[in-house]
Amino acid sequence: MNGIYTILLLIVSNIFMTFAWYGHLKLQSMNIISDHTPLIMVILMSWMLALPEYACQVPANRIGFDGNGGMFNLMQLKVIQEVISITVFTLFTILVFKGQSLHWNHLAAFGCLVMAVYFVFLK
């Protein structure tokens, strides 16, 4: 179950991270915040979203780390997190930024990340 909890927490963490990093761009395109919104305000808004991200990321790593009784070593945790991150980002981009499109090279890059997961789990 630790592996499932780890992955679920990483997914939630990456959803918050993606909104913290890129959500302000959508808010700007929707004229909810303007080009003249002070950068410090945008940073503070992002930090408010980053707090729940860390509240999920840190426990995910603690639960999943084999040194704490989990089932993943550090390299495996990081590669899993990167694949989850790019997956969440891709879905976010397609669903939230409708003008962005997915091209063959994006899929090829995603395939390379999936292969990284395969290789990092080889004994």
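The values are calculated or read from the model by the stated rules, or taken from the named source; none is laboratory data. Please read all numbers here as calculations on a predicted model, not as lab measurements. Please note: Cβ atoms are built from the backbone with ideal geometry, for glycine as well, and neighbour counts cover all protein chains shown.
Quick one: in the stretch 66-81, of everything that is among the polar types (S, T, N, Q) and in a helix (DSSP H, G or I), which residue is surrounded by the most Cβ atoms within 10 Å (Cβ to Cβ)?
Taking the candidates together, the pick is Q81.
When you check A50 against the structure, is it in a helix (DSSP H, G or I), of a type in the set (G, A, S) and in contact with a helix residue (DSSP H, G or I) (Cβ under 7 Å, 6 or more places away or on another chain), yes or no?
Details: in a helix (DSSP H, G or I): yes; of a type in the set (G, A, S): yes; in contact with a helix residue (DSSP H, G or I) (Cβ under 7 Å, 6 or more places away or on another chain): yes.
Taking the combined requirement at face value, the residue satisfies it.
Counting just the residues of the stretch 53-65 that are in a helix (DSSP H, G or I) and among the hydrophobic types (A, V, I, L, M, F, W, C), which one comes out nearest to the chain's Cα centre (by Cα)?
C56
If I filter the stretch 1-37 down to residues being among the polar types (S, T, N, Q) and farther than 17 Å from L95 by Cα, which single residue comes out as surrounded by the most Cβ atoms within 10 Å (Cβ to Cβ)? Break it down stepwise before answering.
Filtering the stretch 1-37 down to residues among the polar types (S, T, N, Q) leaves 2, 6, 13-14, 18, 28-29, 31, 34, 37.
Remaining after also requiring farther than 17 Å from L95 by Cα: 2, 6, 13, 31, 34, 37.
Working: N2: 17, T6: 23, S13: 25, N31: 8, S34: 8, T37: 14.
Out of the qualifying residues, it is S13.
For the stretch 82-123, give me the residue count where each residue is surrounded by fewer than 15 Cβ atoms within 10 Å (Cβ to Cβ), of a type in the set (G, A, S) and in a helix (DSSP H, G or I).
So the answer is 3.
Kindly indicate whether any position in the stretch 43-64 is acidic (D, E) and at pLDDT 90 or above. It would help to see each step written out before you state the result.
Taking the stretch 43-64 and keeping what is acidic (D, E), we get 53.
Add one more test, that the residue is at pLDDT 90 or above, and what stays is 53.
Taking every residue of the stretch 43-64 in turn, at least one turns out to be acidic (D, E) and at pLDDT 90 or above.
List every residue pair whose Cβ atoms sit under 7 Å apart, with the two residues 6 or more apart in sequence or on different chains, where the first one lies in the stretch 10-26 and is within 12 Å of T87 (Cβ to Cβ) and the second, anywhere, is in a helix (DSSP H, G or I) and among the small types (G, A, S).
L10/A60; N14/S85
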